[in-house]
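Just below is one structure, and these are the notes that go with it.
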Amino acid sequence: MPDHIPNEPYAEGEFAGRTALVTGAGQGIGAAVATALAARGAHVVATDRSARGLEELALMGRALAGAITPRVMDVTDPAAVTSVIDGVVRDHGALDLLVNVAGILRTAPVAELTDADWADTFAVNTTGVFHTSRAAASHMTARGSGCIITVASNAAGIPRTGMAAYAASKAAATMFTKCLGLEVARSGVRCNVVAPGSTDTEMQRALWPEGQTEVPRSVVDGDPATYRTGIPLGRIAAPQDIAEAVLFLASERARHVTLQELYVDGGASLR
């Protein structure tokens, strides 16, 4: 590991020569992370369970300093995950960075939450993180370096009405990532969590009233009826805001940071 840390906040080419795998890259935060990494020189293997969005992302990558290679991968399928990650290591020599973004949201009061919704939410948001992180960590520890970042949610740290499955799954993914980080730290592998709040993605917009295109005031101002605080900064995040937090934790600037959870929610969680 170099002693010198670049002073520039966003050094051009800072991820040159590094290979990253990003899950849930077909849209939203995952696409923003993949694009930001490629823009700074990384070769990004962008994965999603659907090819939708991946090809367009790969085309965008041609204009960037790095490259974006699309791969269809379902994080709930351990054999598929192992195959893709083994292939990345074989083709590129190493996997330097894993960013777990893939996630789903099923909302309902607990009394109305179905077994299927609970199981599906944990299959993607928690077990999917386990599958990818386990496969990546085995290569990283053998090599003696690497970085795993899980994009969780501020809902993992504060209760939300109607979001019990989502919040619980993200809390589990958060603690899993920290426990993994403790186990692999002496092998030179860092594991951290980024916890976004409300972010302008398709998942967020699905919560808005049908046909609404502007951010509902209740999202920014809060909603006492659901015990939800507002956002002190007065805006929801853009996917790029979350991507920048991920890139910091992936960079040499964070070389002494592991087992941490970085909230990127405009102060909504009052932390």
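Observations
- Dividing the mean sequence gap of close Cα pairs (under 8 Å, 6+ apart) by how many residues the chain holds gives a relative contact order of 17 percent.
- Relative contact order of segment 1-136, defined on C-alpha pairs under 8 angstrom at six or more residues apart (%): 24
- Of all DSSP beta bridges confined to the chain, the antiparallel ones make up roughly 5%.
- Label separation (Ser50 vs Ser138): 3.0 nm, computed from points 7 Å beyond Cα along the C-beta direction.
- The shape of segment 150-271 comes out prolate: with a ≥ b ≥ c from the C-alpha gyration tensor, a/c is at least 1.5 and a/b beats b/c.
- Note that segment 46-55 has calculated 3J(HN,Hα) couplings of 9, 10, 7, 6, 10, 6, 4, x, 6, 5 Hz, one per residue in order, obtained from phi through the Karplus relation 6.51 cos²θ - 1.76 cosθ + 1.60 (θ = phi - 60°); glycine and proline are x.
- Arg90 paired with Tyr227, simple spin-label distance in nm, labels 7 Å along Cα-to-beta-carbon: 5.1
- Sum of side-chain charges, Leu95 neighbourhood, beta-carbon under 12 Å (Lys, Arg +1; Asp, Glu -1): 0
- Label-to-label distance, Gln240 versus Ser83, with points set 7 angstrom from Cα along the beta-carbon direction: 3.7 nm.
- 5 angstrom amide H check on Ala102, placed H, neighbours 5+ away: Thr23, Gly24
- Förster-model FRET efficiency, 35 Å R0, Val215 and Ala16, C-beta, rounded to 0.05: 0.45
- Between Leu98, Leu21, Leu207, the Gaussian network model of the chain with springs among Cα atoms under 10 angstrom shows the greatest mean-square fluctuation at Leu207.
- Compared with the direct C-alpha span, the chain from Val110 to Arg205 gains 32.0 nm at full extension, assuming 0.36 nm per residue.
The numbers here are math on the coordinates, done by the rules we state, and not lab data. Only a predicted model underlies this, so the values are computations on that prediction, with no experimental measurement involved. Virtual Cβ from ideal backbone geometry, glycine too; neighbours counted across all protein chains shown.
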